[in-house]
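Here is the structure we will look at, set down as structure tokens.
We did not get these values from a lab; they are worked out from the coordinates using the rules stated. Worth saying up front: this structure is predicted, and the values here are computed from it rather than measured. Using ideal geometry, Cβ is built from the backbone for each residue, glycine included, and neighbour counts are taken over all protein chains shown.
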């Protein structure tokens, strides 16, 4: 764990093969300072690089996921924003992306960068009290963390433009309807449900999970032919792994597989 909790922080906890990452600035509705953004990048980098960590869960303390950026700390004469360390994972997935799956739990206020962070992950669990809003254009700017294309890939052009152009506030039910979130649960249960999903994912072979995400991302970024082209590479990586041999052996022996990530 790191950071000064009186100024807000992002800390992490290890739960077997799961890295639980917590946004912790509840007195400011979990608004992000530059230091918190750096801590989030560091946590994602740890998840990506450490072989014994297989799944990430991003959640928040308090009643809200995040109200967005603490703007004066990012822009203007009192800004403390610093460049992201070279090679670190980008929390918005615009530069270096995390190879491991990320389940995000959101509740209450989920504004601006909060939507972009959850869409940079893979699965979203929402409390039933969420208030979503991509409101940057109301402040004379625009979404810069990936909303302009991830909204479209998740929700389709019409629903994406509806909310991006209106800059309106919408509910958990609407976010679920258009595909931005995968599950809606009673408020207060979202973090545990995200952990439950992460535990289910972590029982699968981590290499198989990682290459599945890699191939899916290849399709989104480069299209079907590029995704087809990586199949032989993926096939060789997984079929030559110890986990593939364990998977076959456990099937023959009719028992649960015990994967190691090798």
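Using a simple spin-label model with pseudo-atoms 7 Å out from Cα toward Cβ, residue 50 and residue 213 lie 1.5 nm apart. Against the chain, whose longest principal axis comes from its Cα atoms, helix 34-49 is set at around 10 degrees.
Each of 117, 195 was scored by other Cβ atoms within 10 Å of its Cβ. Arranged with the fewest first, they read 195, 117.
Running Debye on the chain with equal point scatterers at the Cα sites and no solvent, what base-10 log of I(q)/I(0) appears at q = 0.13 Å⁻¹? Here log10 of I(q) over I(0) equals -0.86.
In this label model, residue 28 and residue 248 are separated by 5.5 nm, measuring between points 7 Å along each Cα→Cβ vector. Compared with the dominant Cα axis of the chain, that is its longest principal axis, helix 157-166 is turned about 30°. Test of understanding: express the Cα radius of gyration of the range 206-252 as a ratio to 2.2 N^0.38 Å, with N the residue count. Rg over 2.2 N^0.38 Å, computed on Cα atoms: 1.28. Here the residues 37, 118, 71, ranked from fewest to most Cβ neighbours within 10 Å of their Cβ, fall in the order 71, 37, 118. Cβ crowding within 10 Å ranks 74, 111, 65 as 74, 111, 65, fewest other Cβ atoms first.
Note on residue 75 and residue 222: with the Förster distance fixed at 51 Å, the Cβ-Cβ geometry gives a FRET efficiency of about 0.90.
What the Cβ-Cβ distance of residue 153 and residue 99 gives, at R0 = 25 Å and to the nearest 0.05, is a FRET efficiency of 0.85. Only Cα sites of the range 97-189 enter the Debye sum here, all with the same form factor; the resulting log10 I(q)/I(0) across q = 0.12, 0.24, 0.25 1/Å is -0.32, -1.29, -1.39, listed in q order.
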